[in-house]
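Visitor: Questions regarding the structure given below will be posed in turn.
The values are calculated or read from the model by the stated rules, or taken from the named source; none is laboratory data. Fair warning: this is a prediction, and the values are worked out from it, not measured in the lab. When we count neighbours, we look across all protein chains shown, and the Cβ atoms used for this are built from the backbone with ideal geometry, even at glycine.
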Amino acid sequence: MGVAWASHCGRNRRRSVRLWVAILLGFLWLPLVQAEPALIFGLLPSESVATKFRRYAPLRDYLQQRLGQAVVLETARDFREFRRRTLAGRYDFLETAPHFVPEAVASGHYTVITTIVRPLTAEIVVHAASPYREPADLAGAVVATPAPSAIITRLGKETLIAAGLTGDRGPRYTVFPTHNAAYAAVVGKAAQAALISVNVLDKARRQDQPLRSIGHSRAIPNMSMLAARRLGPSRTQELQRVLVKMRDDPTGRRILREMAYPGYRSARAEEFESLRQYLPPLP
């Protein structure tokens with residue numbers, strides 16, 4: 001009898017231990033189950049991957065802290081692939097070129113939340129030591145450009161045409177994969193001029209690159225931030241507020257200086273609609 005009772009008590013203790021172990025493991029597993037997946041932050045491939053990620057890493061960290069959710073950076077090998085991923089709704093939020101905004105909104109996946117405070121222009125840059133003083137001086141010159149589908153390329157060419165550089169007086173355009181590569185051709189004297197965005201020029205000046213602007217295009221809305229509709233109104237408004245308020249926060253201002261960005265403002269889709277004409281067909 002005593003042996004049977006001891007055996008019975010032993011079994012009860014073992015069941016009790018197993019029960020408490022199960023409860024403890026449940027509590028340990030619960031945060032993993034409830035943890036939100038990381039937000040995918042899509043970046044326009046206007047610079048090399050290394051340069052782009054290095055530039056946006058502080059902003060990623062800032063957004064992670066303010067939103068209380070992990071954020072991962074992602075880009076694509078070229079504009080075409082980036083547009084395809086955007087139209088498929090891959091990104092939770094993304095920063096994209098202004099002429100890509102209308103189709104992203106029309107896809108039904110995204111809503112516009114911010115744009116950079118300063119308008120966007122295509123800058124015509126030359127080597128600081130070059131003799132060129134104005135766009136008309138570039139007749140027959142080699143001009144480096146980003147991808148033909150880049151709005152900076154389109155605006156820059158419009159500006160050179162308006163300066164009379166057509167036909168026999170037209171420049172010889174050479175395409176490079178990024179804005180940085182285009183201006184590097186000028187620094188290395190492989191091209192006499194380059195078309196780059198004012199955003200990239202500001203960053204290059206901070207790095208003491210020997211560049212000088214001799215003209216610029218008309219101004220249009222700058223790079224835009226879009227949020228996926230699946231985030232919901234509350235999360236979308238929170239993201240918009242965090243970006244707009246960066247200029248009022250010491251840490252935010254430091255990050256903006258590092259990115260050579262003047263800050264973000266709220267934006268509406270209607271501001272970008274006129275840029276639809278610059279959108280090339282997507283093969």
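Visitor: Among the strands (runs of 3 or more DSSP E) confined wholly to the range 119-176, which include 2 or more residues that are in contact with a Leu (Cβ under 7 Å, 6 or more places away or on another chain)?
Guide: Result: 122-127, 142-145.
Visitor: Within the range 186-197, can you find the residues that are surrounded by fewer than 21 Cβ atoms within 10 Å (Cβ to Cβ) and over 20 Å from residue 139 (Cβ atoms)? Lay out the reasoning, then the answer.
Guide: Residues of the range 186-197 surrounded by fewer than 21 Cβ atoms within 10 Å (Cβ to Cβ): 187-190.
Result: 187, 188.
Visitor: I'd like the full set of residues that are under 19 Å from residue 229 (Cβ atoms), in contact with a helix residue (DSSP H, G or I) (Cβ under 9 Å, 6 or more places away or on another chain) and of a type in the set (Lys, Arg), limited to the range 59-89.
Guide: Passing the criteria: only 83.
Visitor: Taking the condition of being of a type outside the set (S, T, N, Q), in a helix (DSSP H, G or I) and touching a strand residue (DSSP E or B) at 6+ places or on another chain (Cβ under 7 Å), how many residues in the range 238-270 meet it?
Guide: Residues in the range 238-270 being of a type outside the set (S, T, N, Q), in a helix (DSSP H, G or I) and touching a strand residue (DSSP E or B) at 6+ places or on another chain (Cβ under 7 Å): 5 in total.
Visitor: Name the one entry in 184, 191 that is touching a helix residue (DSSP H, G or I) at 6+ places or on another chain (Cβ under 9 Å) and not charged (D, E, K, R).
Guide: Going through 184, 191 in turn, just one is touching a helix residue (DSSP H, G or I) at 6+ places or on another chain (Cβ under 9 Å) and not charged (D, E, K, R): 191.
Visitor: Name the residue that is surrounded by the fewest Cβ atoms within 10 Å (Cβ to Cβ), counting only residues in the range 117-142 that are small (Gly, Ala, Ser) and in contact (Cβ under 8 Å) with a residue 40 or more places away in the chain.
Guide: If we take residues in the range 117-142 being small (Gly, Ala, Ser) and in contact (Cβ under 8 Å) with a residue 40 or more places away in the chain, then 129 is surrounded by the fewest Cβ atoms within 10 Å (Cβ to Cβ).
Visitor: Give me a count of the residues in the range 243-283 that are farther than 21 Å from residue 149 by Cβ and either among the β-branched types (Val, Ile, Thr) or not assigned by TED's automatic domain parsing to the domain that holds residue 88 (or both).
Guide: Residues meeting the conditions: 3.
Visitor: Something else now. When both residues are 6+ apart or on different chains and their Cβ atoms are under 7 Å apart, which pairs have a first residue that lies in the range 105-116 and is in the same structural domain as residue 266 (by TED's automatic domain parsing), and a second that is surrounded by 22 or more Cβ atoms within 10 Å (Cβ to Cβ) and among the β-branched types (Val, Ile, Thr)?
Guide: 105/112; 112/101
Visitor: Select from the range 215-258 the residues that are under 30 Å from residue 134 (Cβ atoms) and either of a type in the set (Gly, Ala, Ser) or crowded, with 18+ Cβ neighbours inside 10 Å (or both) and list them in ascending order.
Guide: Hits for the range 215-258 are 215, 216, 217, 219, 220, 221, 222, 223.
Visitor: Any residue that is touching a strand residue (DSSP E or B) at 6+ places or on another chain (Cβ under 6 Å), over 27 Å from residue 256 (Cα atoms) and touching a residue at least 24 places away in the same chain (Cβ under 8 Å) - is there at least one of those in the range 143-151?
Guide: Within the range 143-151, one or more residues are touching a strand residue (DSSP E or B) at 6+ places or on another chain (Cβ under 6 Å), over 27 Å from residue 256 (Cα atoms) and touching a residue at least 24 places away in the same chain (Cβ under 8 Å).
Visitor: Here's a follow-up. List pairs: first residue in the range 215-226 and under 27 Å from residue 127 (Cα atoms), second residue aliphatic (A, V, I, L, M) anywhere in the structure, Cβ distance under 6 angstrom, at least six positions apart or on different chains.
Guide: 215/124; 217/122; 217/155; 220/120; 222/116; 222/120; 223/116
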